[in-house]
Amino acid sequence: MAQLASQLNIPGWINKIGRYQQFFVPVAFVGLLAVIVVPMWPVMMDILIATNIALAALILLTTIYVASPLEFSVFPSLLLATTLFRLVLNIASTRLILAADATSPEEATAVAGKVIESFSSFVAGGSLIVGLILFVILIIVQFVVITKGATRISEVAARFTLDAMPGKQMAIDADLNAGLIDEKSARRRREDIAQEADFYGAMDGAAKFVRGDAIAGIIITIINILGGFAIGVFEKQWGFGTSLEVFTKLTIGDGLVSQLPSFVISIAAGLIVTRSSGRYDLGTELTRQLTGRWMAMAITSGFLAMMAFTGLPAAPMLTLSALLGVGAWMVRGNEIKAQQQVVKQEQSQAEKATKEVPVEQVLAVDLLELEVGYGLVRLVDTGQGGTLLDRITGIRRQLAGDMGLVMPPVRIRDNMQLAPTDYHIKIRGNSVAQGSAHPNLFMAMDSGLASQPLEGGIKTREPAFGLDAVWIEPGQKDRAEALNYTVVDATSVVATHLTEVVKNHAFELLNREETNNLITQLREKAPKLCAEVLGEGEKVGLIKSGELQKVLQNLLRERVPIRDLETVIETLGDWAPRTKDMDVLTEYVRNSLRRTICNQYVQYVPDDQAGLNGENSNVTVPKLYCVSLDPTLEDQINSFVDRSAEGTSVSIPPAVATRIVTAIMQELQHLIQAGHPPVVLASPPVRAAVRSLLEPHLATAAVLGYNEVSKGVSVQSVGMVQLETTSQTQQRQGVGS
């Protein structure tokens, strides 16, 4: 056979035909119109009917073997096409049956082709009543059970898919911002969500075609029987019984031929809308899940064995009971082997952990450390499916790109003194943050868009940003996303918390060694600049590496990226000969990095001036929302700033400092409630002093100088901070009382 195919060059012809596959569907639809208009030969009708049956079988098997409904996203359109194909065949076969030029009942039975004739005799068992009963049963099962169920499932799936879209989009954005995925993966996930919504939305409408096809089949069958009976009696002058038998038999055969593929495709529609995305196809998933519980198989085996002694045939019952019993025994054996393997791995890990640790290693202090309770070890252990180590690798890459800082290696160890679900983040051996995570649950966070509270679960707070959250079971995940909650797993909670801790304490992680590494990398890019400012060999530079480290730490303390190290060193080269005050030099560097600093807090809003002539406009402009300081307050703060050759210091009485911080915090609350980042705008001489006052109370607040607002950015002050005088305070308290 293979040699004959090679001689006929069949693969070559198939490849040539495949080049024009974009024309297949248009030609097929034009052909459907031709079938309606042009009378078909019985042989051609047999070919079309066989094609219909083969296509239905192919669609059913495809739905079984896809791992996700999106792998068969063309199904809704294909459902419409197959429905149209069957209706066209119904019309063509009706024409052959009713318009045939048959002189006798024997000739009339063959006018519609061999397939319809075979279905009317062989499938129906040669009995008109049997064929009619089979046809009615097929219609009832398809119309009442399968079609109705598939239609309802499509409606519910479409509704819940659309409701869950905002939550899924927020989860993707959260993973992207945390560095867990890259932009390409985020774009692919967004496309999958959009395709999923389109698919279930289309299935919601396409399911109506299946229901309509069943109704049309009933109506066409009744019309064919009545029409055939009238033609046989009045035109062909056959007897009542003969006419009814011939045309009813042909109509039932035609109905079975068309409804059998319709029944198969209805099953396929029900299967695809009930599928959930997984790693395996339907057959594999069913086998794994049905045979995955040995206890269920054992109980079923015992039940069948008992049924064998109730008068039912013992042979089939005992045979099935034996097969299920052997299957249960095999599944149980595999589970025991898997448990023994886990125990061996745990013992091996325990032996490694109990080995004597060198004293030198005990004395060493890790720069960054993560301690976890024993219940969170599985998040780290790759053998148990843990992905935290991979997440930390993504965090290092993200921080290097965003902040310009290479995060030091994270030492992860288990601490038996911690609660099973607790973890501590340490810097140089000191705990700076802690939290808890449940590895078997999901955290659902309310970012302000949740439509209603979740019932049950463990109420908590998201450790990185302090959002209200609930630990929920995996079965509640879809519902939480449908309610616009952001749902993440325990690994994401720990990874996000670690990312924010590193950003908040980045200035502590930048040591002298890392500073020298950054200088070494810059020397390859700008050797002359580094030689002039930092020195090279015996040549002394304008600043030392320790002084550069101090400036970089000042920048990182306020979350200013240091990626543009070349601009930092150029600015220091300009101003280092004039002052050695690191705080003053930091302010000069901030002025050079003003575009980078300002862009962190700028929001793009619609331009109020665009579209004034009545046309629609999508123009946006950058705007900085902030609170500003009263000039009198700035003068008061400036009076407490002491500038000398040794450096700059701020000496504000505690009572005054408390009043200033309280006033600023009150104005910032209005800014935060409006959905804007907390930004304070101050004059350059007092910017650093205001920042030092706010840092212990609101570390995420940004204090920008007027000179740090980049060109083209409009400033919108939503409030001005003022200190009340004693008389104003007394007057306000009097009014309040």
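The values are calculated or read from the model by the stated rules, or taken from the named source; none is laboratory data. It should be emphasised that the depicted structure is a prediction, and the values quoted were computed from it without experimental measurement. In this analysis, Cβ positions are derived from the backbone assuming ideal geometry, glycine residues included, and neighbour counts consider all displayed protein chains.
When you go through (1) touching a helix residue (DSSP H, G or I) at 6+ places or on another chain (Cβ under 8 Å); (2) without any contact (Cβ under 8 Å) to a residue 24 or more places away in the chain one by one for GLY241, which number turns out not to apply? Of the numbered conditions (1) touching a helix residue (DSSP H, G or I) at 6+ places or on another chain (Cβ under 8 Å); (2) without any contact (Cβ under 8 Å) to a residue 24 or more places away in the chain, the odd one out for GLY241 is (1). ARG563 meets all of the listed conditions (1) buried (at least 20 other Cβ atoms within 10 Å of the Cβ); (2) within 45 Å of the chain's Cα centre (by Cα) but one, namely (1). Selection of first residues in the range 380-394 that are at pLDDT 85 or above and of second residues that are not in a helix (DSSP H, G or I), restricted to Cβ pairs under 6 Å at least 6 apart or on distinct chains, gives the following pairs, ordered by first then second residue: VAL380/GLY386; VAL380/ILE412; ARG391/LEU180; ILE392/VAL410; GLY394/GLY179; GLY394/LEU180. Six or more apart or on different chains, Cβ atoms under 6 Å: show the pairs whose first residue is in the range 110-139 and surrounded by 17 or more Cβ atoms within 10 Å (Cβ to Cβ) and whose second is at pLDDT below 65 and not aromatic (Phe, Trp, Tyr). Every condition considered, the pairs that remain are VAL111/ALA100; VAL111/ALA102; GLU117/THR109; GLU117/ALA110; GLY131/ALA124. In the set THR287, THR300, THR310, THR242, only one residue is out of contact with any Asp or Glu (no Cβ under 7 Å at 6 or more places or on another chain), over 26 Å from THR83 (Cβ atoms) and not in a helix (DSSP H, G or I); that residue is THR310. Step by step: first the residues of the range 411-443, then only those that are of a type in the set (Ser, Thr, Tyr) and either outside the structural domain of ASP489 (by TED's automatic domain parsing) or not in a loop (DSSP other than H, G, I, E, B) (or both), then the one that is farthest from HIS505 (Cα to Cα). Which residue is that? Per the stated criteria, the residue is SER436.
Between LEU483, LEU534, the distinction of being crowded, with 19+ Cβ neighbours inside 10 Å and touching a residue at least 60 places away in the same chain (Cβ under 8 Å) belongs to LEU483 only.
Residue by residue, here is whether (1) in contact with a Cys (Cβ under 7 Å, 6 or more places away or on another chain); (2) part of a helix (DSSP H, G or I); (3) of a type outside the set (Val, Ile, Thr); (4) surrounded by 14 or more Cβ atoms within 10 Å (Cβ to Cβ) holds:
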| site | (1), (2), (3), (4) |
| --- | --- |
| THR151 | no, yes, no, yes |
| ARG159 | no, yes, yes, yes |
| MET165 | no, yes, yes, yes |
| GLN169 | no, yes, yes, yes |
| ARG187 | no, yes, yes, no |
| GLU191 | no, yes, yes, no |
| GLU196 | no, yes, yes, yes |
| ALA207 | no, yes, yes, yes |
| GLY212 | no, yes, yes, no |
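For ARG428, state whether it is farther than 26 Å from GLN384 by Cα and surrounded by fewer than 17 Cβ atoms within 10 Å (Cβ to Cβ). Considered against the rule, which asks whether it is farther than 26 Å from GLN384 by Cα and surrounded by fewer than 17 Cβ atoms within 10 Å (Cβ to Cβ), ARG428 comes out as yes. Would you mind stating whether LEU256 is at pLDDT 75 or above and not assigned by TED's automatic domain parsing to the domain that holds LEU96? Criteria not met by LEU256. For the range 670-679, check the following and say yes or no: at least one residue is touching a residue at least 24 places away in the same chain (Cβ under 8 Å) and either assigned to a helix (DSSP H, G or I) or more than 30 Å from PRO606 (Cβ to Cβ) (or both). Within the range 670-679 (the criterion being touching a residue at least 24 places away in the same chain (Cβ under 8 Å) and either assigned to a helix (DSSP H, G or I) or more than 30 Å from PRO606 (Cβ to Cβ) (or both)), the answer is yes, since at least one residue qualifies. Within the range 321-351, restricting attention to residues that are of a type in the set (Val, Ile, Thr) and modelled with pLDDT of 75 or more, which residue is surrounded by the most Cβ atoms within 10 Å (Cβ to Cβ)? Among them, the one singled out is VAL331. Taking the range 504-518 as the range and being part of a loop (DSSP other than H, G, I, E, B) and buried (at least 17 other Cβ atoms within 10 Å of the Cβ) as the test, the residues that pass are HIS505, LEU510.
Taken as a whole, the structure leaves PRO408 outside the set of residues that are in contact with a strand residue (DSSP E or B) (Cβ under 6 Å, 6 or more places away or on another chain), surrounded by 20 or more Cβ atoms within 10 Å (Cβ to Cβ), part of a loop (DSSP other than H, G, I, E, B) and not acidic (Asp, Glu). Being in contact (Cβ under 8 Å) with a residue 60 or more places away in the chain and not in a helix (DSSP H, G or I) is a description that does not apply to ARG578. The listed residues are VAL551, VAL501, and the only one of them that is β-branched (Val, Ile, Thr), within 22 Å of THR571 (Cβ to Cβ), more than 20 Å from the chain's Cα centre (by Cα) and in a helix (DSSP H, G or I) turns out to be VAL551. Looking only at the range 639-683, filter to residues that are polar (S, T, N, Q) and surrounded by 15 or more Cβ atoms within 10 Å (Cβ to Cβ); which one of those is nearest to THR579 (Cα to Cα)? Applying the filter and picking the extreme gives THR648. Applying the criterion of being over 25 Å from the mean Cα position of the chain (by Cα) and in a helix (DSSP H, G or I) to the residues of the range 369-399, the residue that is surrounded by the most Cβ atoms within 10 Å (Cβ to Cβ) is GLY375.
Summed over the range 454-472, the residues that are assigned to a loop (DSSP other than H, G, I, E, B) and surrounded by fewer than 13 Cβ atoms within 10 Å (Cβ to Cβ) give a count of 3. Within the option set LEU552, LEU498, LEU572, being under 30 Å from LEU376 (Cα atoms) and modelled with pLDDT of 90 or more holds for one residue only, LEU498. Taking residues in the range 593-606 that are closer than 12 Å to VAL679 by Cβ, and partners anywhere that are in a loop (DSSP other than H, G, I, E, B) and among the hydrophobic types (A, V, I, L, M, F, W, C), the pairs with Cβ atoms closer than 8 Å and at least 6 places apart or on different chains are ILE597/VAL560; CYS598/VAL709; CYS598/VAL713; VAL602/VAL713. Of all residues in the range 289-305, exactly one satisfies the criterion of being surrounded by fewer than 13 Cβ atoms within 10 Å (Cβ to Cβ) and closer than 11 Å to MET330 by Cα, namely GLY292.
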